[in-house]
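The values are calculated or read from the model by the stated rules, or taken from the named source; none is laboratory data. It should be emphasised that the depicted structure is a prediction, and the values quoted were computed from it without experimental measurement. Glycine gets a Cβ as well: all are built from the backbone with ideal geometry, and neighbour counts include every protein chain shown. Just so you know, the surface numbers come from the protein's heavy atoms only, side chains and all, with ligands and any DNA or RNA stripped out. Shrake-Rupley method; radii C 1.70, N 1.55, O 1.52, S 1.80 Å.
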Amino acid sequence: MAKQAKTDRQAVIDSIRSQQSKRENKRGLAIVGVCVLVAVLIVGAAAFKPIKDWWDLRAYASDSLGEIGAKASVCQDVTTKTAEGSQDHVEVGTPMTYPEAPPAFGQHWNLWDSMERKLYTASDRPELGELVHNLEHGYTILWYDETIADDSDQMDQLRGIASKLQGTDNLRDKFKAVPWTSEDGKDFPKGQHVALTHWSLGGVGETDPSKQVGVWQYCSEVSGDALETFMQDYPYMDSPEPNAV
């Protein structure tokens, strides 16, 4: 009898252990399943944006730069202001503020952003001190405010514009589209959400530093038409240091 009781207890113990093992296996499989699902979602999210951007750009594949966005009539007349600050470099990290919104010239960092990247968001944009140095090197910069940043259609237009100006070999494509935020300075003029800027010598080949001007054109919408004309009127050669990439 004692031996039978011991056998029965062992059977109960084995049954309990078997049930626990099954529960633990199920729990382990559930955890693995959740981990796999999370991993798939992370990978999918990472892949979604590039795929979406590629898909959205298909709409502009056959368009020229001037056909993207609104007509140039959404922009105000070009304005200029005597420029200063050429070769006036300060150390990287020096706080920079500019009276204009946005700047087209001025003292700047002794660092500039490379030509490869054309479009930025508020999370990864170069500092103002870098961008003003880019202006000195002949770049045209398109600044967009938070109204544009919150408009998915106009951001797609900016991606389309950036895709037409890709590359580093042709210096005529010295272009960047960057956000202008409330932390950078005052707002654009009322009703204007895009600003084109360039640091001009006062004309290609001009050697008199007093002829240098900052150039602005404000627009209410994204306009490849206006940008194309602006970059033709103020090419990269019309800048204090055009040959630096």
Looking at the range 70-90, which of its residues are surrounded by fewer than 16 Cβ atoms within 10 Å (Cβ to Cβ), at negative phi, among the polar types (S, T, N, Q) and part of a loop (DSSP other than H, G, I, E, B)? Gln76
Failed item, numbered, when Thr181 is tested on (1) part of a loop (DSSP other than H, G, I, E, B); (2) in contact (Cβ under 8 Å) with a residue 12 or more places away in the chain; (3) open to solvent by 40 Å² or more (accessible area, probe 1.4 Å): (3)
Open to solvent by less than 30 Å² (accessible area, probe 1.4 Å), farther than 19 Å from Pro242 by Cα and touching an Asp or Glu at 6+ places or on another chain (Cβ under 8 Å) - does that describe any residue in the range 161-178? no
Could you list, in sequence order, all residues of the range 101-156 that are of a type in the set (Phe, Trp, Tyr) and either more than 14 Å from Ala195 (Cα to Cα) or in contact (Cβ under 8 Å) with a residue 60 or more places away in the chain (or both)? Phe105, Trp109, Trp112, Tyr120, Tyr139, Tyr144
Mind checking whether some residue in the range 165-174 is under 18 Å from the mean Cα position of the chain (by Cα), in a loop (DSSP other than H, G, I, E, B), modelled with pLDDT of 95 or more and basic (Lys, Arg)? yes
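Look through Ser220, Ser239, Ser200 and report the one residue that is among the polar types (S, T, N, Q), at pLDDT 95 or above and open to solvent by 10 Å² or more (accessible area, probe 1.4 Å). Let's see the steps before the verdict.
Numbers: Ser239 fails: open to solvent by 10 Å² or more (accessible area, probe 1.4 Å); Ser200 fails: open to solvent by 10 Å² or more (accessible area, probe 1.4 Å).
So the residue among Ser220, Ser239, Ser200 that is among the polar types (S, T, N, Q), at pLDDT 95 or above and open to solvent by 10 Å² or more (accessible area, probe 1.4 Å) is Ser220.
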Members of the range 54-77 found to be among the hydrophobic types (A, V, I, L, M, F, W, C) and touching a Phe, Trp or Tyr at 6+ places or on another chain (Cβ under 7 Å), listed by number: Ile68, Cys75
Find the residue count for the range 136-160, including only residues that are open to solvent by less than 20 Å² (accessible area, probe 1.4 Å) and more than 17 Å from Ala61 (Cβ to Cβ). 11
Selected residue [buried (at least 17 other Cβ atoms within 10 Å of the Cβ) and either in a loop (DSSP other than H, G, I, E, B) or touching a Leu at 6+ places or on another chain (Cβ under 7 Å) (or both)] from Ala104, Ala122: Ala104
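Here's a check for you: in the range 184-238, which residue that is part of a strand (DSSP E or B) and among the aliphatic types (A, V, I, L, M) is farthest from Leu158 (Cα to Cα)?
Our first condition is that a residue be part of a strand (DSSP E or B); within the range 184-238, this holds for 194-200, 213-219, 223.
Next cut, among the aliphatic types (A, V, I, L, M) only: 194-196, 213, 215.
Details: Val194: 11, Ala195: 13, Leu196: 13, Val213: 26, Val215: 21 Å.
Taking the candidates together, the pick is Val213.
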